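The values are calculated or read from the model by the stated rules, or taken from the named source; none is laboratory data. Given the structure is predicted, the values throughout are model-derived calculations rather than measurements. Virtual Cβ from ideal backbone geometry, glycine too; neighbours counted across all protein chains shown.
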Amino acid sequence: MGDTSRIIIEPVTRVEGHGKVSILLDENGQVTRARLHIVEFRGFERFIQGRPYWEVPVTVQRLCGICPVSHHLAAAKAMDVIVGADKLTPTAEKMRRLMHYGQIYQSHALHFFHLVSPDLLFGFDADPAVRNIIGVIKKYPELAVQGVMMRKYGQEIIKVTAGKKIHGTGAIPGGINKNLSISERDFLLKDIDQQIEWSRGALKIAKDYTVEHLDELSDFGSFDSNHLSLIRADGAMDLYDGGLRAIDAEGNTIFDHVDYQGYTDYIAEEVKDWSYMKFPFMKQLGTEQGWYRVGPLSRVNTADFIDTPEAEEARIEFMALTGGKPNNITMAYHWARMIEVLHSAEKIRDLLNDTDLQGEDLVVKGERRFEGVGLIEAPRGTLFHHYRVNEDDQVTMANLIVSTTSNNVPMNLAVEKVAKKYLSGTEITEGLLNRVEVAIRAYDPCLSCATHALGKMPLTVSVVDHNGQVINRRST
Amino acid sequence: MSRQGKRVLIIGYGNPGRLDDGLGPEFAARMEKLNLEGVTVDSNYQLAVEDAAAIAEHDFVIFADADTTGAEPFHFEAVVPRSHMSFSSHSISADALMAMAEDLLSSRAEAYMLGIRGYEFNQFGERISPKALENLDRALAFMKLALEDCDFGKYVTRNTAENR
């Protein structure tokens, strides 16, 4: 590499955990590369080793306080394999699905109303003092209230299906530990119509914004990519289970309906010396071409259809924008995310009206196994949990691929595209900062699951020369 | 002043899988066992926007969190509602949460932060260090006393232990 300077932005605001962005310049001040450094908290796999397998669905929630339900369910699915539960009872599977749709619903709603809506409602160039949730509260208080109430509703679903927020125990190896009582069902049913109505409104905001700003967004941090997700056997979007489907940027199939117990035949992880995060890729395409995106955009792109009527109508409209080909516009993540919010609300309504949730048959067991893989479509994308267990029931190996890891390369590319377009010289303008954040935020990354305890660092922007010396620093 | 008729919400937060970061949830668990009339106890990994709805239904809110650098064994201070952006996203700070409850849901709750000093944070592990446990015991004794009259303002100090 020639003479380069490096601009570092850390941590990125309104994204989970601590991350920093380095923008590498050549001797002429031109952007050569951008890197999103993620301080991933390693060591969890070691932490889990030696524990009895039945504890794992509870223990893994300690990995991430942002999406504990996703880890809870992915681990439980892996442990289903360990205990030989090849097919759960209808009550168990539907209770887990209800829990999962509650998680997707509340996570997406929070992300959209409280993190993304300021960008959409005020514009990327709005004064940062206004372009935040406080600005939304002042100018659009009804939207801010909706965000709180949608989040609260999703959390109430989690509470009645998973138990305590800090110590969810609903899903257990082979099933679930409780059904849904009539009173719990009625409590949730009374608000579902309002929730669906709010979901429609959120979808409209995201769709209208994308369509109205299509020229600007088409080029904003966007690039062609492969897409990966779970898919139901009939090609429907399925956020809880299915086979793995991967498509390229044109929609051509790379692999389809892959049994994820054998995911290691298809997916591998590369280590790079400048990041603590791994870089997953599809083996048959190699490290350079095999990276892929996951999450709402990929799920809508890979699905043949959605099995709830209003979300399906929205999906058709979404796909029409790109003539039925995959949509590779990074900012379209928000539109796709709101399609999933509506889909989740419809699914929640359907499940609440399903009497299987009041069934008494909660757990099945079968032939004991020593290795199991559990996958789920978490709010941010495909989540992999892989365990080996010995004859003494202790976990001997754990490997997790979280969705933010799969989106590692795409986020780097998004930042690079933005930097190349908006950086001039070495000056870190407010406009550049805003746009870097907006591009990363589209992926809703959970950068780390670090402790949040009182006393954390502010946003700091540093300029570092090619010798590693900080030559400029700016903090909020 | 007595607690009679007052509605108190205690929220202990933190990650029990990160050593002393579990001080907040452990404080909440121990408070819940006391089963005090008029006191609602909740715990979570972090504060979240939907907590504003619960806050709006109470007269007082006590946030209990691990503190990485504060006074030993704990500090107790008023939380002033303040609108600002947090670096974290799906979580929210106590003062921003109070501002949200006030602005959006017309909450008039008084809020206080109980910051319990911890020492070990940067590893996985479901245990609290011995010294932090001592601080937790003292924080519990303090809170039981403060809840007797709910006159929380008179206990406020950045360094409660030194001033008592």
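Picking from residues in segment A:155-167 that are more than 8 Å from chain B (Cβ to nearest Cβ) and free of Cβ contacts under 8 Å to residues at least 60 places away in the same chain, the one that is surrounded by the most Cβ atoms within 10 Å (Cβ to Cβ) is A:Val160. In this entry, A:Ile247 is excluded by the filter for residues that are buried (at least 20 other Cβ atoms within 10 Å of the Cβ), under 20 Å from A:Lys77 (Cβ atoms) and among the β-branched types (Val, Ile, Thr). The one condition from (1) within 13 Å of chain B (Cβ to nearest Cβ); (2) part of a loop (DSSP other than H, G, I, E, B) that A:Asp224 does not meet is (1). Scanning segment A:289-312 for residues that are in a loop (DSSP other than H, G, I, E, B) and without any contact (Cβ under 8 Å) to a residue 60 or more places away in the chain yields a single hit, A:Thr308.
The lone criterion from (1) buried (at least 24 other Cβ atoms within 10 Å of the Cβ); (2) closer than 23 Å to B:Leu97 by Cβ left unmet by A:Gly135 is number (1). Being under 19 Å from A:Asn408 (Cα atoms) and modelled with pLDDT under 80 holds for only one residue in A:Arg62, A:Arg35, A:Arg6, and it is A:Arg35.
Restricted to segment A:100-119, and to residues that are of a type in the set (A, V, I, L, M, F, W, C) and out of contact with any Ser or Thr (no Cβ under 9 Å at 6 or more places or on another chain), which residue is farthest from the other protein chains (Cβ to nearest Cβ)?
Taking segment A:100-119 and keeping what is of a type in the set (A, V, I, L, M, F, W, C), we get A:104, A:109-110, A:112-113, A:115-116.
Cutting the leftovers down to out of contact with any Ser or Thr (no Cβ under 9 Å at 6 or more places or on another chain) gives us A:112-113, A:116.
On the way: A:Phe112: 12, A:Phe113: 9, A:Val116: 10 Å.
Only one residue tops the list, namely A:Phe112.
Scanning segment A:290-310 for any residue that is surrounded by 22 or more Cβ atoms within 10 Å (Cβ to Cβ), at positive phi and assigned by TED's automatic domain parsing to the domain that holds A:Asp256 turns up at least one such residue. Looking across segment A:405-433, the residues that are surrounded by 20 or more Cβ atoms within 10 Å (Cβ to Cβ) and in contact with a helix residue (DSSP H, G or I) (Cβ under 8 Å, 6 or more places away or on another chain) come down to A:Met411, A:Ala414, A:Val415, A:Lys417, A:Val418, A:Ala419, A:Leu423, A:Leu432. Screening A:Arg97, A:Arg131 for residues that are within 12 Å of chain B (Cβ to nearest Cβ), of a type in the set (D, E, K, R) and touching a residue at least 24 places away in the same chain (Cβ under 8 Å) leaves exactly one candidate, A:Arg131.
Residue-by-condition table, conditions (1) at pLDDT below 95; (2) closer than 18 Å to A:Phe318 by Cα:
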residue	(1), (2)
A:Lys207	no, yes
A:Asp215	yes, yes
A:Ser222	yes, yes
A:Asp234	no, no
A:Tyr240	no, no
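Look at A:Ser70 and say whether it is closer than 25 Å to A:Pro410 by Cα, within 23 Å of the chain's Cα centre (by Cα) and within 12 Å of chain B (Cβ to nearest Cβ). Taking the combined requirement at face value, the residue does not satisfy it.
Looking at segment A:105-127, can you tell me whether even one residue there is charged (D, E, K, R), surrounded by fewer than 23 Cβ atoms within 10 Å (Cβ to Cβ), under 21 Å from B:Tyr45 (Cα atoms) and within 22 Å of the chain's Cα centre (by Cα)? No, the conditions are met nowhere in segment A:105-127. Take the residues in segment A:342-382 that are hydrophobic (A, V, I, L, M, F, W, C) and in a loop (DSSP other than H, G, I, E, B), then tell me which one is surrounded by the fewest Cβ atoms within 10 Å (Cβ to Cβ). Checked segment A:342-382; the qualifying residue surrounded by the fewest Cβ atoms within 10 Å (Cβ to Cβ) is A:Phe370.
Checking the stated criteria, A:Leu244 turns out to be under 22 Å from A:Ile339 (Cβ atoms), assigned to a strand (DSSP E or B) and of a type in the set (A, V, I, L, M). Report whether or not A:Glu391 is assigned to a loop (DSSP other than H, G, I, E, B), among the acidic types (Asp, Glu), out of contact with any His (no Cβ under 7 Å at 6 or more places or on another chain) and in the same structural domain as A:Thr32 (by TED's automatic domain parsing). Answer is no for this residue. Within segment B:96-145, being among the small types (Gly, Ala, Ser) and touching a residue at least 60 places away in the same chain (Cβ under 8 Å) holds for B:Ala109, B:Gly118, B:Gly125, B:Ser129, B:Ala132, B:Ala139. Taking the criterion of being in contact (Cβ under 8 Å) with a residue 24 or more places away in the chain and either aromatic (Phe, Trp, Tyr) or within 17 Å of A:Lys165 (Cβ to Cβ) (or both), the residues of segment B:31-47 that qualify are B:Met31, B:Thr40, B:Val41, B:Asp42, B:Ser43, B:Asn44, B:Tyr45, B:Gln46, B:Leu47.
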